[in-house]
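The values are calculated or read from the model by the stated rules, or taken from the named source; none is laboratory data. Because the structure is a prediction, the values reported are computed rather than measured. Neighbour counts are summed over all protein chains in view; Cβ atoms, including those assigned to glycine, are modelled from backbone coordinates with ideal geometry.
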Amino acid sequence: MQTSNNYNRSRYRLGIWFTAPAVIVLLIVLAYPIIASLVLSFLKVRFGGDGLTFAWHGVTNYTDLFTNQLFREALFRSVYFTVVEVAAVIFLALSVALMLNHPLGRSAFYRVVLLVPWALSPVANAVLWKWIYNANYGILNQSLIGLGLIKENIIWLGTPWLALNMILIADVWKAVPFIALLMLAGLQNIPSYLYKAARLDGANAWQQFVHVTLPGLKTTLVISVVLQSIWALKVFDLIYVLTKGSPADSTVLLNYLSWRETFSNLDVGYGAAIANVLFILMFMLALVYIRALRPRQTAQRDG
């Protein structure tokens, strides 16, 4: 027994030495920026001829957040954007995954085509949609006019509420492929004998979906919702390329507001406070993600 304990301690120490470089890199790359952002949020940073000056500002940056109308509006829009985008992505991705899991949709060609939107770089995707939404010669206006659905060009990014929803559509288009493949993997892990048993019990297609498919996708659905919520909260490139927050700040979300306050208005402390609020929201979602994975990992260890 003593020999076994010594062996386990030696393995543990050796494991620490092997993982130490990776842990140090993670601390530098991840922990330092988080700590620096937290410290900056309690400071008043000024740019002058002598460079940067730092003064203690306490919690003023945080109290200013909740008295600032633009922040409250950006928070509301971020919540709206996240909820609607996640609902749309999950619905469309699940529909696509079900089609790809059907015998007629299992060709590798369909999966390659599905990956095209996801494979585009974020900026390239944003530029693509900027051309599509162009009010004068964009393909969206031309297509709708050709179909007789509209009579004149619409300025898609010129109306506050419409512009935000157009950005949402562009983000959904890029997000669906990855989530669809994630759900496809979940569908393929559901044992086929469960469907056979359901059919023997007289269950129709809808009942099989409700009582077999959805329970089998429970963990995958939770992971998809959490991941997509995090990605929706930190959307930036689409806003920067398509609208830069206009018209009338109607497309300013939290991530873009943090960037603008920091690098355009040069209010570093206030921008850091906004970023920290966003970080807390994403951290809470990450905890949900970890909790969703835990039952699966426990089951695998017990098996």
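Applying the criterion of being touching a helix residue (DSSP H, G or I) at 6+ places or on another chain (Cβ under 8 Å) and small (Gly, Ala, Ser) to the residues of the range 254-284, the residue that is nearest to Ala36 (Cα to Cα) is Ala272. Inspect all residues belonging to the range 116-124 and state whether any of them is touching a Phe, Trp or Tyr at 6+ places or on another chain (Cβ under 7 Å) and within 27 Å of Asp249 (Cα to Cα). No: zero hits. Here the condition is being closer than 27 Å to Leu227 by Cα, touching a residue at least 60 places away in the same chain (Cβ under 8 Å) and not assigned by TED's automatic domain parsing to the domain that holds Leu221; of Ile24, Ile90, Ile28, Ile34, it holds for Ile34 alone. Scanning the range 139-154 for residues that are loosely packed, with under 15 Cβ neighbours inside 10 Å and in contact with a helix residue (DSSP H, G or I) (Cβ under 9 Å, 6 or more places away or on another chain) returns Ile139, Leu149, Ile150, Lys151, Glu152.
Contact map, the range 51-73: first residue under 20 Å from Ala248 (Cα atoms) and assigned by TED's automatic domain parsing to the domain that holds Ala275, second residue assigned to a loop (DSSP other than H, G, I, E, B) and modelled with pLDDT of 90 or more, Cβ cut-off under 6 Å, separation 6 or more or different chains; the map is empty.
Only one of the numbered conditions (1) surrounded by 11 or more Cβ atoms within 10 Å (Cβ to Cβ); (2) part of a strand (DSSP E or B) is violated by Pro33, and that is (2). Does the range 90-111 include one or more residues that are over 30 Å from Phe209 (Cβ atoms) and not in a helix (DSSP H, G or I)? Taking every residue of the range 90-111 in turn, none turns out to be over 30 Å from Phe209 (Cβ atoms) and not in a helix (DSSP H, G or I). The single condition among (1) modelled with pLDDT of 90 or more; (2) in contact with a strand residue (DSSP E or B) (Cβ under 9 Å, 6 or more places away or on another chain) that Leu266 does not satisfy is (1).
If only residues of the range 74-93 that are within 17 Å of Asp249 (Cα to Cα) and hydroxyl-bearing (Ser, Thr, Tyr) are counted, the one that is surrounded by the fewest Cβ atoms within 10 Å (Cβ to Cβ) is Tyr80. Being over 30 Å from Gly269 (Cα atoms) and among the polar types (S, T, N, Q) is a property that Asn61 lacks. Residue count for the range 29-54 satisfying the condition of being over 24 Å from the mean Cα position of the chain (by Cα) and at pLDDT below 85: 10. Residues in the range 239-272 that are of a type in the set (A, V, I, L, M), more than 27 Å from Phe54 (Cα to Cα) and in contact with a Phe, Trp or Tyr (Cβ under 7 Å, 6 or more places away or on another chain): 3 in all. Among the residues of the range 103-120, some residue qualifies, meaning at least one is surrounded by fewer than 17 Cβ atoms within 10 Å (Cβ to Cβ), farther than 30 Å from Ser192 by Cα and free of Cβ contacts under 8 Å to residues at least 60 places away in the same chain.
Filtering the range 174-192 for residues that are closer than 30 Å to Val252 by Cα, without any contact (Cβ under 8 Å) to a residue 60 or more places away in the chain and either of a type in the set (A, V, I, L, M) or touching a strand residue (DSSP E or B) at 6+ places or on another chain (Cβ under 8 Å) (or both) leaves an empty set. Selection within the range 1-18: residues that are over 45 Å from the mean Cα position of the chain (by Cα) and part of a helix (DSSP H, G or I). The member of this set that is modelled with the lowest pLDDT is Gln2. If you go through the range 139-177 and keep only what is farther than 21 Å from Ser95 by Cα, in contact with a Pro (Cβ under 7 Å, 6 or more places away or on another chain) and part of a helix (DSSP H, G or I), you end up with Pro160, Ala163. Restricted to the range 185-303, the set of helices (runs of 4 or more DSSP H) holding at least 3 residues that are loosely packed, with under 12 Cβ neighbours inside 10 Å comprises 192-200, 268-302.
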